[in-house]
Amino acid sequence: MPFHRQWPAKPDVVLEGGNVARSPNGSTFDTPYAFQLLTAKAPINDGRLLTVTCATSAATARGTHLAASILADYPSLWPETVRALVVHSAEWTPAMRARFDAERTRQGRVALLRRYGMGVPDLSRATRSAADALTLIAEDTLRPFDGNGKTREMNLHDLPWPTDVLNELGGARVRLRITLSYFVDPNPARRGWQRRYRYASHGLRFDVRRPTESSDDFRKRINQRALAEEENRSTTHSDAAEWYFGPEQRVAGSLHTDIWHGTAADLAKRGAIAVFPVSGWWKERPDRDRSGTGTRYSLIVSIETPGQEVDIWTPVATEAGIPIVIET
């Protein structure tokens, strides 16, 4: 039975869990040891140090190891960021990608997202930026509501951006990927998602400045969009076609991720991202609203220039004041 579309899209990612053997006529299934994953054995009461594991037990262990490895490399990261990096680093396998490429509608892509998530995560992608792939991380807080049921504030991230390099690439195709991760306070008095904002204390959304927008125009548009979300009105998005899932499909749950495809020259003018709140039960229950303490979120942004012999990492590192190590 499929979950309602307002429930979070799960799984977020997929990891190896062994394989299943099927009989030639497809009537029986088995899990031979040779098809499973090797692991440590406990308790050791028969002299054997190793055994096998499979399915969700194996996948969960791999996911835990990945998250722990990220935190070991960067112990100061927030849990929201570690969670986001796991999902942000995931890529679809060729077989998964073939299924996504065959889908022509966003609804079909979202259905596959609920089967494969964002694909298989990778530790090196989660912790390293290559010369032709740049990853930016912003950890921040905002106060969603003012205690009287009204939206309180939004954050505008004016990011260090490889504008000159992107302009030089001109019409070359590039990829922008954004992941927004935060945790909500669940409402224990109500269950399910029969109403749009019944379960979560609040929601957050992200939006990217368009090439022709000034900062003031961008703020005005975000204010209008936040108001429309609050009143449950549909809005139009002039650049929606450039996003793989789109603003209307990526909003379930408390982790939102999407991929933008376009030209480098277009992306050069999009170096600002807004994060803003939408309604939740905190807004409906001002007496229990904890907005005043602030809600944390992690915003991860990556730019990829596949097939282009350019360095987009160094200009941003220089602008951000990150020391550059030169090997001799």
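What about Val13, is it at negative phi, in contact (Cβ under 8 Å) with a residue 60 or more places away in the chain and β-branched (Val, Ile, Thr)? Yes: the conditions hold for Val13.
Taking the conditions exactly as written (of a type in the set (Phe, Trp, Tyr), in contact (Cβ under 8 Å) with a residue 24 or more places away in the chain and in contact with an Asp or Glu (Cβ under 6 Å, 6 or more places away or on another chain)), does Trp78 satisfy them or not? Show your work before the answer.
Values: of a type in the set (Phe, Trp, Tyr): yes; in contact (Cβ under 8 Å) with a residue 24 or more places away in the chain: yes; in contact with an Asp or Glu (Cβ under 6 Å, 6 or more places away or on another chain): yes.
For Trp78, the condition - of a type in the set (Phe, Trp, Tyr), in contact (Cβ under 8 Å) with a residue 24 or more places away in the chain and in contact with an Asp or Glu (Cβ under 6 Å, 6 or more places away or on another chain) - is met.
Contact annotation: residue pairs with Cβ atoms under 7 Å, 6 or more positions apart or on different chains, pairing a residue in region 306-328 that is closer than 19 Å to Gly171 by Cβ and in the same structural domain as His261 (by TED's automatic domain parsing) with a partner that is modelled with pLDDT of 80 or more and of a type in the set (Gly, Ala, Ser), are Gln308/Ala172. Here region 74-109 is the region considered, the condition is being more than 18 Å from the chain's Cα centre (by Cα), surrounded by 12 or more Cβ atoms within 10 Å (Cβ to Cβ) and of a type in the set (D, E, K, R), and the residue that is modelled with the lowest pLDDT is Glu103.
For (1) of a type in the set (Asp, Glu); (2) within 30 Å of Ala138 (Cα to Cα); (3) in a loop (DSSP other than H, G, I, E, B), each residue gets a yes or a no:
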| site | (1), (2), (3) |
| --- | --- |
| Gly18 | no, no, yes |
| Pro24 | no, no, yes |
| Ala34 | no, no, no |
| Asn45 | no, no, yes |
| Ala111 | no, yes, no |
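Among Ser129, Ser124, which is the only one that is assigned to a loop (DSSP other than H, G, I, E, B) and within 27 Å of Ala264 (Cα to Cα)? Break it down into steps so the answer makes sense when it comes.
Numbers: Ser124 fails: assigned to a loop (DSSP other than H, G, I, E, B).
After applying the criteria, what remains is Ser129.
Looking only at residues in region 3-46 that are under 22 Å from the mean Cα position of the chain (by Cα) and farther than 14 Å from Arg62 by Cβ, the one that is modelled with the highest pLDDT is Lys10. Does any residue of region 282-295 turn out to be surrounded by 16 or more Cβ atoms within 10 Å (Cβ to Cβ) and within 30 Å of Gly171 (Cβ to Cβ)? Among the residues of region 282-295, not one is surrounded by 16 or more Cβ atoms within 10 Å (Cβ to Cβ) and within 30 Å of Gly171 (Cβ to Cβ), which makes the answer no. For the residues Asp140, Asp101, the requirement of being in the same structural domain as Ser302 (by TED's automatic domain parsing) and either without any contact (Cβ under 8 Å) to a residue 40 or more places away in the chain or not in a helix (DSSP H, G or I) (or both) singles out Asp140. Taking the criterion of being in contact with a Ser or Thr (Cβ under 7 Å, 6 or more places away or on another chain), under 23 Å from Thr314 (Cα atoms) and among the β-branched types (Val, Ile, Thr), the residues of region 113-158 that qualify are Thr135, Ile137. Right, Thr135: at negative phi, touching a residue at least 24 places away in the same chain (Cβ under 8 Å) and not hydrophobic (A, V, I, L, M, F, W, C) or not? Criteria met by Thr135.
The values are calculated or read from the model by the stated rules, or taken from the named source; none is laboratory data. Predicted model only: the values in this text are computed from it and were never measured. Every residue, glycine among them, receives a Cβ derived from its backbone with ideal geometry; neighbour counts consider all protein chains shown.
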